Amino acid sequence: MIAFADCQDVRKMTVIREINCPACGDRDGIEVFERENQTVGDSVCDKCGYTIPEGVVLDLFLEDNVPGDVCSK
Ligand SMILES: [Zn+2]
């Protein structure tokens, strides 16, 4: 039935994480899709528009971006 087994595998490895926005602090404000520890697609905060780009390691990205640093945008 399932013709695209590879795709299925990839989909299975994609996890969704809800994180607090590093810019405005909105609780679970950003929904991040993650695969193999890298983000998939842009993740945008509903509240302030803060964007986490595709293809970054989320935890490292958040460490590199000090909260408040991007607030003045
Ligand atoms: Zn935000």
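Every number in this text was worked out from the coordinates using simple rules, so none of it is lab data. On a predicted model such as this, the values are computed, not experimentally measured, just so you know. In this analysis, Cβ positions are derived from the backbone assuming ideal geometry, glycine residues included, and neighbour counts consider all displayed protein chains.
Quick look at the values:
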read-out	value
Under the Debye formula (equal points on every Cα, no solvent term), log10 I(q)/I(0) of region 7-63 at q = 0.13, 0.16, 0.22 Å⁻¹	-0.30, -0.44, -0.78
In nm, spacing of pseudo-spin labels at Gln38 and Thr14 (7 Å Cα→C-beta vector)	1.5 nm
Phi-based couplings in Hz for region 39-44 (Karplus 6.51, -1.76, 1.60; Gly and Pro marked x)	6, 10, x, 6, 10, 10
